[in-house]
1. Starting from the range 196-208, keep only residues that are open to solvent by 10 Å² or more (accessible area, probe 1.4 Å), then list their pairs with residues that are within 8 Å of the ligand (Cβ to nearest atom) and in a helix (DSSP H, G or I) whose Cβ atoms are within a distance under 9 Å, requiring at least 6 positions of separation or different chains.
2. Between a residue in the range 3-28 that is in a helix (DSSP H, G or I) and any residue that is open to solvent by less than 20 Å² (accessible area, probe 1.4 Å) and modelled with pLDDT of 65 or more, which pairs come within a Cβ distance under 6 Å, given they are 6 or more apart or on different chains?
3. Kindly check whether there is at least one residue in the range 132-143 that is surrounded by 16 or more Cβ atoms within 10 Å (Cβ to Cβ), outside the structural domain of THR357 (by TED's automatic domain parsing) and in a loop (DSSP other than H, G, I, E, B).
4. Would you call MET314 outside the structural domain of LEU250 (by TED's automatic domain parsing), out of contact with any strand residue (DSSP E or B) (no Cβ under 6 Å at 6 or more places or on another chain), open to solvent by 70 Å² or more (accessible area, probe 1.4 Å) and touching a residue at least 12 places away in the same chain (Cβ under 8 Å)?
5. State which residue is surrounded by the most Cβ atoms within 10 Å (Cβ to Cβ) when the search covers only the range 18-42 and only residues that are within 21 Å of the chain's Cα centre (by Cα) and of a type in the set (Asp, Glu).
6. Could you please let me know if PHE64 is within 13 Å of the ligand (Cβ to nearest atom), in a helix (DSSP H, G or I) and either surrounded by 20 or more Cβ atoms within 10 Å (Cβ to Cβ) or modelled with pLDDT of 95 or more (or both)?
7. Among the numbered criteria (1) away from the ligand (no atom under 13 Å from the Cβ); (2) modelled with pLDDT of 95 or more; (3) assigned to a helix (DSSP H, G or I), which single criterion is violated by GLN178?
8. When you look at LEU138, is it farther than 20 Å from MET260 by Cα, modelled with pLDDT of 95 or more and within 13 Å of the ligand (Cβ to nearest atom), yes or no?
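The values are calculated or read from the model by the stated rules, or taken from the named source; none is laboratory data. Computed from a predicted structure; not experimentally measured. Heads up, the Cβs are rebuilt from the backbone with ideal geometry, glycines too, and the neighbour counts pull from every protein chain shown. In case anyone asks, the SASA skips ligands and DNA or RNA and just uses the protein heavy atoms, side chains included. Shrake-Rupley method; radii C 1.70, N 1.55, O 1.52, S 1.80 Å.
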Amino acid sequence: MEVEEIRVTPWEAEAFVDYNKLIKIFGSRPITESEIELLKSITGELHLMIRRYVFYSHRDFDKFLEAYRSSIKCALYTGRGPSGHTHLGHILPWIFTKWLQDKMGLELFFQMTDDEKFWHSEGGSFEEYNRLAYENILDLAALGLDPAKTHVIIDSEDISFIYPIAVKVAKKITFSTQRAAFGFTDSTNVGMIFYPTLQISVAFLPTHLYGERVEVLIPAGIDQDPYWRIARDMAPSLGYPKPAQIHNKLLPGLGIGGKMSSSKPETAIYTTDSPEIARQKVMKAFTGGQPTAELQRRLGGNPDMCPVFKMFEMLFEEDDEKLTMRYNSCKSGALLCGECKAELADRVARFLKDHQTRRRAAESIIDKYLIRNKFSTPGTSKSKRP
Ligand code: TRP
């Protein structure tokens, strides 16, 4: 695949891309044995998304882990533009983030960018994006993120937490930097032009809130990288540590090529889909299989290009040996797609049933996740937890 063909920006990205090429284009570093060993020395075991290189690329992950080992205060940061209900592609990095939170005892700062989504959208009311931010928090809760350690910032309502930082960040960013990093033009609305300031500011919020150096790790897709490049450039001059990053591969959608995306809802599994609907979507999935069972038996399938196999690999099959068996029996033609899809449909349906029970239970504890209920606004000086 030619470099020019890979389109990965904060607003469009594909799955099944050549991730080594992405690393070259973005100038990040591959996650290697040495970072994995370092992580293992802290966590004792490895999450499947690390074992299988679902997280494949990083900036300063090693430095972040070293800082943690030397007892420097560390925190996690990630976020979401609440443009709709959450699907499995969205929760993939959150599942890993929760694992890091549990294993390392880290606080997580989570930004809900209702403003960004409104500025970026063609239609859609602002009130609706704000409402969806609260809907999406239910998913964080259902995944088990610790309410005492997870602090959600809803941009439009919690701006006073970030604005004192944003004032300084904005002064360091010129329009020409923005143009080059995000491809903005003269007809881009000024909300979008200001927005990167807010996403960058949250990377500095932990240090600002605690009044001491806090190293920040951002688990996210590499499409968010332009923000962090700018953040890292300006961090020293503002007295903040450079945020570290780890990048996850995108979960493919159930259609032909492409990431799981809300623009193709029939190929995305939403956390709010009924288990029955989800089952139907899986059964209709495009696969790496042959057109007929007879050909499949003879030639075998192609799990490397199959969204159904990827769902097992990236999310649903914890057991490495079972995953390898599935891979081999697909390739050999012993496993037919119908059977494989039915197994995935069962896993997905079970996951959704449990997730939805926890999601409903979370409605009464949503307040415990909101930063405004836990910290006082820092203003321009230090603040403490109440
Ligand atoms: N811009 C992101 C989106 O469109 C949302 C976001 C805000 C984010 N802060 C983040 C994503 C930090 C990852 C990490 O979805």
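1. Qualifying pairs under 9 Å: GLN199/GLU116; GLN199/GLN224; GLN199/TYR227.
2. If the second residue must be open to solvent by less than 20 Å² (accessible area, probe 1.4 Å) and modelled with pLDDT of 65 or more, the pairs left are TYR19/TYR56; LEU22/ILE222; ILE23/SER57; PHE26/ILE222; PHE26/ASP225.
3. Within the range 132-143, one or more residues are surrounded by 16 or more Cβ atoms within 10 Å (Cβ to Cβ), outside the structural domain of THR357 (by TED's automatic domain parsing) and in a loop (DSSP other than H, G, I, E, B).
4. Working: outside the structural domain of LEU250 (by TED's automatic domain parsing): yes; out of contact with any strand residue (DSSP E or B) (no Cβ under 6 Å at 6 or more places or on another chain): yes; open to solvent by 70 Å² or more (accessible area, probe 1.4 Å): no; touching a residue at least 12 places away in the same chain (Cβ under 8 Å): yes.
It is false that MET314 is outside the structural domain of LEU250 (by TED's automatic domain parsing), out of contact with any strand residue (DSSP E or B) (no Cβ under 6 Å at 6 or more places or on another chain), open to solvent by 70 Å² or more (accessible area, probe 1.4 Å) and touching a residue at least 12 places away in the same chain (Cβ under 8 Å).
5. From the range 18-42, those within 21 Å of the chain's Cα centre (by Cα) are 18-32, 35-36, 39; that's our starting set.
With of a type in the set (Asp, Glu) added as a condition, the list becomes 18, 35.
Working: ASP18: 14, GLU35: 19.
Top of the filtered list is GLU35.
6. Details: within 13 Å of the ligand (Cβ to nearest atom): no; in a helix (DSSP H, G or I): yes; either surrounded by 20 or more Cβ atoms within 10 Å (Cβ to Cβ) or modelled with pLDDT of 95 or more (or both): yes.
No.
7. GLN178 satisfies every listed condition except (2).
8. Values: farther than 20 Å from MET260 by Cα: yes; modelled with pLDDT of 95 or more: yes; within 13 Å of the ligand (Cβ to nearest atom): no.
Considered against the rule, which asks whether it is farther than 20 Å from MET260 by Cα, modelled with pLDDT of 95 or more and within 13 Å of the ligand (Cβ to nearest atom), LEU138 comes out as no.
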